[in-house]
1. Over 21 Å between C-alpha atoms is what I'm after, so list which of K9/K126; K47/K123; K61/K123; K2/K66; K32/K126 land there.
2. Provide the FRET efficiency to the nearest 0.05 for the N18-R59 pair, computing r from the beta carbons and using R0 = 22 Å.
3. Treat the count of other C-beta atoms within 10 Å as a stand-in for reagent exposure and order E143, E65 from fewest to most.
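Just so you know, all these numbers are worked out from the coordinates, no wet-lab data involved. The structure presented is a predicted model; accordingly, all values stated were derived computationally and were not measured. We place every Cβ from the backbone using ideal geometry, glycine too, and count neighbours over all the protein chains shown.
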Amino acid sequence: MKTTREEAKEESHNEIVNNLNELLEKNYDAEKGFKKALEDAENPSLKNFFKKQAVIRSRFKNEIEKELHELNAHPKIKEGSATGSLHRAWIDIKTALSGNDDESVLEECIRGEKASAKEYEEKLSKGHFSPNVKAMLTSQLHEIKNTISSVKRMEDIADD
């Protein structure tokens with residue numbers, strides 16, 4: 001029989017693992033979203049930007065997977081979420097209806113990145129991560145926020 005302390009430690013461990021797995025899933029979605037945006041974009045600079053963002057999200061996934069393994073846990077999701085699939089389908093519909101223009105793709109990227117940032121902020125405010133994991137997730141959140149700013153600037157240029 002487990003002591004109260006052992007149960008609390010196990011519960012905390014499971015919460016950390018679940019939070020990391022949810023962020024991992026969000027990054028699978030984001031990577032696929034950027035690859036989809038890469039396919040839909042017409043501007044070569046924009047294509048290059050989306051390719052870079054997909055690589056960054058792949059790095060995020062690897063960092064989170066490494067932390068999960070260090071916690072003796074296994075990444076649960078390898079395919080992304082239903083919400084992410086719906087978001088990519090929405091990108092398809094929106095770009096088809098708008099003539100596949102880059103501005104529509106950028107708008108959906110902003111929407112997806114804002115959702116990622118919100119999830120990171122929620123996990124960081126509620127999760128009981130080790131200092132190393134918290135620093136990694138904070139760094140990833142900072143990069144996501146920089147991406148939002150970059151996409152907004154590109155959208156402003158596309159408006160001109």
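1. On the way: K9/K126 16 Å; K47/K123 31 Å; K61/K123 16 Å; K2/K66 28 Å; K32/K126 27 Å.
Those over the limit are K47/K123; K2/K66; K32/K126.
2. Numbers: r = 22 Å, r/R0 = 1.00.
Efficiency at R0 = 22 Å is approximately 0.50.
3. Listed from fewest to most nearby Cβ atoms, that is E143, E65.
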